[in-house]
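Data block below; observations after.
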Amino acid sequence: MKILIEIKRQEDVDSKPYIQCIEWEIETENLTIASLLREMNADLELKDVAGNSVSKISWECSCLQKKCGACAILINGRPGLACDAFIKDNILKG
């Protein structure tokens, strides 16, 4: 199943933020957002929907067990822990 990931990016503090769209093939919807981001960053040729090469996705993580809060991100405009947010509950439902 293909899903569309929209990532808000910003090159530096003085540049304007923009949305980058990446289409990604998943085998299961039971992945966490953290697992998805790690999988995407492991790809040697990460590309956006237009086929342009894109840089790795920058995000923080530590324990990946809902204990430290390092992986806190905005998911569909709502704060959450990437290690505890599942694709089936957040991306597929929007």
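Search the range 38-63 for residues that are in contact (Cβ under 8 Å) with a residue 24 or more places away in the chain and within 20 Å of ILE26 (Cβ to Cβ) and pair each with any residue that is of a type in the set (S, T, N, Q) and open to solvent by 80 Å² or more (accessible area, probe 1.4 Å) when their beta-carbon atoms are under 8 Å apart and the residues are at least 6 apart or on different chains.
Pairs that qualify, where the first residue is in contact (Cβ under 8 Å) with a residue 24 or more places away in the chain and within 20 Å of ILE26 (Cβ to Cβ) and the partner is of a type in the set (S, T, N, Q) and open to solvent by 80 Å² or more (accessible area, probe 1.4 Å), are LEU46/SER53; LYS47/SER53.
In the range 77-94, which residue that is part of a loop (DSSP other than H, G, I, E, B) and farther than 14 Å from THR32 by Cβ is modelled with the lowest pLDDT? Even if it seems obvious, please write down each step before you answer.
Quick first cut of the range 77-94, residues part of a loop (DSSP other than H, G, I, E, B) only: 77, 82-85, 91-94.
Filter again for farther than 14 Å from THR32 by Cβ, leaving 77, 93-94.
Working: GLY77: 89, LYS93: 61, GLY94: 51.
Across the range 77-94, the extreme among qualifying residues is GLY94.
In this structure, is LEU74 exposed (fewer than 12 other Cβ atoms within 10 Å of the Cβ), at pLDDT 90 or above and either among the hydrophobic types (A, V, I, L, M, F, W, C) or closer than 23 Å to GLN10 by Cα (or both)? Steps first, please.
Numbers: exposed (fewer than 12 other Cβ atoms within 10 Å of the Cβ): yes; at pLDDT 90 or above: yes; either among the hydrophobic types (A, V, I, L, M, F, W, C) or closer than 23 Å to GLN10 by Cα (or both): yes.
So LEU74 fits the description; yes.
Collect the residues in the range 1-49 that are in contact with a Cys (Cβ under 8 Å, 6 or more places away or on another chain) and among the hydroxyl-bearing types (Ser, Thr, Tyr), keeping them in residue-number order.
If the condition is that a residue be in contact with a Cys (Cβ under 8 Å, 6 or more places away or on another chain) and among the hydroxyl-bearing types (Ser, Thr, Tyr), then THR32 is the only one that fits.
State all residues of the range 1-49 that are among the hydrophobic types (A, V, I, L, M, F, W, C), part of a strand (DSSP E or B) and open to solvent by 70 Å² or more (accessible area, probe 1.4 Å); if no residue qualifies, say none. Please lay out each step first, then the result.
Within the range 1-49, the first condition is being among the hydrophobic types (A, V, I, L, M, F, W, C), and the residues that meet it are 1, 3-5, 7, 13, 19, 21-22, 24, 26, 31, 33-34, 36-37, 40, 42, 44, 46, 49.
Next, from what is left, pick out any that are part of a strand (DSSP E or B): 3-5, 7, 19, 21-22, 24.
Those that are among the hydrophobic types (A, V, I, L, M, F, W, C), part of a strand (DSSP E or B) and open to solvent by 70 Å² or more (accessible area, probe 1.4 Å): LEU4, ILE19.
The values are calculated or read from the model by the stated rules, or taken from the named source; none is laboratory data. Since we're looking at a predicted model, the values are computed, not measured. In this analysis, Cβ positions are derived from the backbone assuming ideal geometry, glycine residues included, and neighbour counts consider all displayed protein chains. The area values use the complete protein model at the heavy-atom level, side chains included, leaving out ligands, DNA and RNA. Shrake-Rupley method; radii C 1.70, N 1.55, O 1.52, S 1.80 Å.
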